[in-house]
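Q: First the structure, then my questions, so here it is.
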Amino acid sequence: MYNFHQFTHTIHKQLVSEGRHILYKNWQKWGSMYLTQKELSVLNDLKTQEQNCIEKYTKYAELAADEELKELFLALKQDEQKHFESLRQVLAGTVPSCDCNDTKGRDYAPKGTYKGKADSQQKQSDCFLATDSIGTEKLVSTEYNFDVFAADNTDIRKLLADIQIEEQNHAEMLYKYKKENQMV
Ligand SMILES: [Fe+2]
Ligand SMILES: [Fe+2]
């Protein structure tokens with residue numbers, strides 16, 4: 001007779017052959033929760049992208065002349081670390097819950113260190129860092145938007161959509177910084 005043990009063993013062999021066995025233990029816990037090849041590939045690429053954002057904001061925080069921009073980069077870095085951690089958890093078989101109600105972009109109110117001051121090298125350099133970061137956020141956000149459609153699992157879709165909104169908020173915060181500092 002084909003018992004449950006044999007059944008799980010067969011599934012395990014199947015997952016190993018497809019390179020998805022890491023999630024075998026979660027498969028038992030979650031029932032249908034295992035990742036498709038497409039999800040695996042997308043999630044791994046997004047994780048690499050988040051790692052890159054963490055490194056970028058670490059470097060940009062060091063390069064920024066204005067203390068307020070430094071703080072903004074460090075705050076963004078923290079968010080990217082959370083994104084990285086969420087993706088790591090999904091790849092380990094657990095989809096973390098998300099609030100889907102982020103107002104950081106709306107609430108951000110920079111005081112504008114360079115406002116009303118003459119153009120300087122520091123201002124130009126900080127303007128470059130902020131503009132370049134907006135470009136990155138735009139690309140990353142587009143990638144998340146695209147990848148939502150590649151997800152099979154509803155919770156993963158929600159998580160990716162939530163992260164996308166946070167990336168949009170990052171771009172909005174950077175834009176507000178530029179606006180308040182008369183860089184646009
Ligand atoms: Fe991110
Ligand atoms: Fe971001």
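Every number here is computed from the coordinates shown, using simple stated rules; none is lab data. Predicted model, so just to flag it, every value in this text is computed and none were measured. Cβ placement follows ideal geometry from the backbone for every residue including glycine, while neighbour counts extend to all protein chains displayed.
Q: Note the full-extension length gain between Phe149 and Gln121 as 0.36 nm times their separation in residues minus their Cα-Cα distance, in nm to one decimal.
A: Fully extending the segment from Phe149 to Gln121 adds 5.7 nm.
Q: Moving on. Between Leu74 and Cys100, what is 0.36 nm times their sequence separation minus the Cα-Cα distance? Round to one decimal in nm.
A: Net length gain for the segment: 7.2 nm.
Q: Separate question: Provide the gained length on full extension for the span Ala92 to Asn52, in nm with one decimal, where the gain is 0.36 nm per separating residue minus the Cα-Cα distance.
A: 12.4 nm
Q: Measure off 7 Å from each Cα along the Cα-to-Cβ vector at Lys179 and Thr131, then give the distance between these two points in nanometres to one decimal.
A: 1.8
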